[in-house]
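Read-outs: derived from the displayed coordinates by stated rules, not from any lab. Treat the numbers as computed from the prediction; the structure is a model and nothing was measured. Neighbour counts are summed over all protein chains in view; Cβ atoms, including those assigned to glycine, are modelled from backbone coordinates with ideal geometry.
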Amino acid sequence: MYKKMLIPLDGSPLAEKVLPYAKQIADRLTLEPIFLHICGRDESKFMCEAYIEHVAELAKTRLEAKGKTASGEPAKTILNYADDHNIDMLLLATHGESGFGGWTTGRTVHRILTASKIPIILVRPDMPVTSISRDWPKTILVPLDGSPMAESVFPHLEMLAQQGRTKLEVILLKVCEPPDLLSDYPEGIMPLTWDEHVKKATVASQHTCGMYLSEAQKHLQASGVQIQLEVILGDKDNVAHEIADFASKRSCDLIAMSTHGRSGISEWPFGHVADKLVRTVSVPLFLVRPQIL
């Protein structure tokens with residue numbers, strides 16, 4: 001069960017764009033929100049404490065929000081605080097203006113993503129907050145690549161479903177690559193034309209992907225979530241775009257994925273897919289490391 005959520009801030013308006021998400025997540029999951037401000041060298045302790053206490057007051061929901069301050073190298077400080085205070089979830093903005101030396105999907109966030117033992121919700125500050133409804137997140141997109149690593153996100157989805165005050169809708173998505181066919185197909189002596197051959201092979205490939213999703217959904221059936229299965233054709237080099245486009249068209253609230261947790265974004269089950277999603281997707285990402293429950 002998730003009990004505490006840590007929201008690191010750098011003091012910038014961009015980083016504070018996560019506040020509506022923090023309030024909604026804390027309220028929906030009955031999580032205790034803890035805001036952490038890492039003081040810069042030019043900030044006094046009084047200024048830091050006044051700032052974070054003000055933010056915590058703004059973010060109050062049914063549970064009282066807490067404001068804490070710390071100093072030190074941002075990534076290490078955040079990770080240590082999470083370990084020392086039994087934090088169950090991190091809510092991060094991908095960049096800000098000050099404090100962390102400019103948040104990007106680079107060094108600071110990369111280090112947190114790589115080393116974090118707990119789930120992370122990652123939000124780009126330019127995401128529209130108008131889409132946050134009272135039952136957010138309601139629809140969660142879960143891209144799968146066929147690996148057990150990717151499926152390790154399932155226990156977290158079950159937990160979200162159990163803690164949430166509204167029914168959770170999960171879309172399991174498989175981006176199916178077109179079949180790799182020989183270009184020298186002897187159409188003249190075969191019963192099918194080239195186009196018919198391609199269509200038949202494509203349908204067979206999609207059917208295989210669909211069967212995989214049918215097996216995968218069995219892990220979630222007992223959790224009470226509403227599950228949809230979706231198979232789309234897509235180029236293996238353009239999977240991130242396909243996922244982002246699908247999430248946008250279907251108005252998904254969240255994209256949930258797992259990470260290998262070895263050497264950061266580049267080692268995720270989807271290779272560089274997650275990296276590209278972090279940089280371009282228009283909805284928040286829910287990221288977990290395998291086997292951390």
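Things worth noting here:
- Taking each residue as 0.36 nm, the span from Glu230 to Thr30 lengthens on full extension beyond its C-alpha to C-alpha distance by 68.9 nm.
- Annotation for Asn80 and Met47: the two label points, set 7 Å from Cα along the Cα-Cβ direction, are 2.3 nm apart.
- Put a dot 7 Å past the Cα of Asp237, heading toward its Cβ, do the same for His207, and the two dots end up 3.0 nm apart.
- Environment charge of Asp84, counting only residues whose C-beta is closer than 13 Å and scoring Lys/Arg +1, Asp/Glu -1: +3
- Of the cross-linked pairs Lys76/Lys174; Lys45/Lys276; Lys3/Lys218; Lys76/Lys138; Lys249/Lys276, those separated by over 29 Å at the C-alpha level are Lys76/Lys174; Lys45/Lys276; Lys76/Lys138.
- Taking label points 7 Å from Cα along the Cα-to-Cβ direction, Lys200 and Gln221 give a separation of 3.2 nm.
- Nearest-0.05 FRET efficiency for Arg134 and Arg279, computed from C-beta distance (R0 22 Å): 0.15
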